[in-house]
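**Q** Right, I'll just put the structure down here and ask away after.
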Amino acid sequence: MKLGPIADWGLNIDKKTVPVNTQNFETNKKGIFAVGDICTYPGKLRLILSGFHEAALASVECFKRARPNEKYKFQFTTSSKEIQERLGVTKKKND
């Protein structure tokens, strides 16, 4: 894996991977997150499924920081009419 420019960002790098806090996948640099093959932590499984899980946790933290006065609203695409409307799966009531 080639790290490119991030190799110069001052991140803790261990064998071309970046250790993260598994609560929110933040690196040693505040506001920089790592998910997928680039990140490492005890028990890490290099599976695409793990990357999706890591990204979900990191995105919740990003939302909280970007919108500290808003409550995070967790929704499932399979049951949220609001999300399904955004995706065009279901029509809005007025359409």
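Any read-out appearing in this document is the output of simple, stated calculations on the displayed coordinates, not a laboratory observation. Please read all numbers here as calculations on a predicted model, not as lab measurements. As a convention, Cβ positions derive from the backbone with ideal geometry for all residues, glycine included, and neighbour counts pool all protein chains shown.
**Q** Just to confirm the number: angle between the C-alpha axis of helix 48-66 and the first principal axis of the chain, 0 to 90 degrees, nearest 10?
**A** Result, in degrees: 80.
**Q** Sticking with this structure for a sec: As an exercise, identify the trypsin sites (Lys or Arg not before Pro) in the stretch 50-95 lying in DSSP coil whose Cβ has no more than 10 other Cβ atoms within 10 Å. The partial results should precede the final answer.
**A** Working: sites: LYS64, ARG65, LYS71, LYS73, LYS81, ARG86, LYS91, LYS92, LYS93; in loops: LYS71, LYS73, LYS91, LYS92, LYS93.
For trypsin sites (Lys or Arg not before Pro) across the stretch 50-95 that sit outside H, G, I, E and B with at most 10 neighbouring Cβ atoms in 10 Å, the list reads LYS71, LYS73, LYS91, LYS92, LYS93.
**Q** At 222 nm, what value in deg cm²/dmol follows for the chain if DSSP H runs of at least 4 each add -39500 (n - 2.57) and the sum is divided by all its residues, to the nearest 500? Please report the intermediate quantities before stating the final value.
**A** Working: 2 runs with 26 residues, N = 95.
Helices in the chain give a 222 nm mean residue ellipticity of -8500 deg cm²/dmol.
**Q** Continuing with this model, one more query. Place the peptides 46-52, 11-17 in order of packing, highest mean first, counting for every residue the other Cβ atoms within 10 Å and averaging per peptide. Each step should come with its number before you reach the end.
**A** Numbers: 46-52: 11.6, 11-17: 13.4.
Result, highest mean first: 11-17, 46-52.
**Q** If I take every Cα pair under 8 Å that is 6 or more residues apart in the chain, average their sequence separation and divide by the length, what percent do I get for the relative contact order?
**A** 16
**Q** With a cap of 12 neighbouring Cβ atoms within 10 Å, and only residues DSSP puts in a loop, list the GluC sites (Glu not before Pro) found in the chain. Provide the component values of the computation, followed by the final result.
**A** On the way: sites: GLU26, GLU54, GLU61, GLU70, GLU82, GLU85; in loops: GLU70.
Counting only loop positions with at most 12 other Cβ atoms within 10 Å, the GluC sites (Glu not before Pro) in the chain are GLU70.
**Q** Between THR77 and SER59, 0.36 nm times their residue separation minus their Cα-Cα distance comes to what?
**A** On the way: separation 18, 0.36 × 18 = 6.48 nm, distance 1.60 nm.
Result for the pair: 4.9 nm of gain on full extension.
**Q** If you don't mind, there's one more thing I want to ask. What is the magnitude of the charge dipole of the chain about its Cα centre, with +1 placed on the Cβ of each Lys and Arg, -1 on the Cβ of each Asp and Glu, and no other charges, expressed in debye to the nearest 20?
**A** Numbers: 17 positive and 10 negative charges, 49 e Å.
Result for the chain is approximately 240 debye, rounded to the nearest 20.
**Q** Across the stretch 4-69, how many lysine pairs separated by 8 or more positions, or lying on different chains, have Cα atoms within less than 21 Å?
**A** Value for the stretch 4-69: 8.
**Q** Using a basic spin-label model with each label point 7 Å from the Cα along Cα→Cβ, how many nm lie between LYS30 and ARG46?
**A** For LYS30 paired with ARG46, the spin-label model returns 3.3 nm.
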